Every structure is written in C-alpha cells, then in structure tokens.
Amino acid sequence: MKRLLAPQALVAVAFGTLLGAGCKDKASETTESDTMATAAPALPPAAAAPVAAAPIVDATKLPTEEDFEEEANRTITAQNVEAELDRLEKEISGS
C-alpha cells in the first residue's frame, strides 16, 4: 500500500505545482491597463429611463369596416372610384 501511495502523492504534488505555476504566470502577465481596469471604482448602475406605458385602448371603441361601409356606399360611385382611391392613398401615406 505504501508503494502505491507514494506515486499518487508524487503525481498530486506535481499537478498542484504545475497548476500553481500556471496561475502565477497569468497573474504576472497583467498589463498596466489591466490593472487600471480592475482597480477602477465601479460606477453605480444608471437609472433606468422612465418608459411611458402604452395607453389602454378599448377595442370595442375602435372603428371597424362596418362603421365605414354605409358612408362608402353613399359617397363612392363608379364615376369617382379612382379619385376616391387616390385620395385615400394620399391620406394613408401622409402626403
């Protein structure tokens, strides 16, 4: 048993030494900018800008196709359909 323990202990010590040396090398390679970046004081988190809540809309009060159907039947005829279409396209596009 002693004989098996010695090689395992040797491997563990070698592994720990290499691991420690690897960590030490990384720490010694830090540059001045790295040091300043880690040494800079943390800034407080920026306050969140207030977000305006979307207005609550009652869907039953929104106009629907049926609301305009009667008016369209009265005002749009075969003679003025092109002019009405042009007017509506301008109204929609905002021109």
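Only the coordinates and a few stated rules stand behind these numbers; no lab work does. As the structure is a computational prediction, the values presented were derived from the model and not from experiment. So basically every Cβ, Gly included, is an ideal-geometry build from the backbone, and we count neighbours across all protein chains shown.
Residue order for Leu88, Leu62, fewest other beta carbons within 10 angstrom first, comes to Leu62, Leu88. Sorting the segments 74-80, 50-56 by their residues' average number of neighbouring beta-carbon atoms within 10 angstrom, most packed first, yields 74-80, 50-56.
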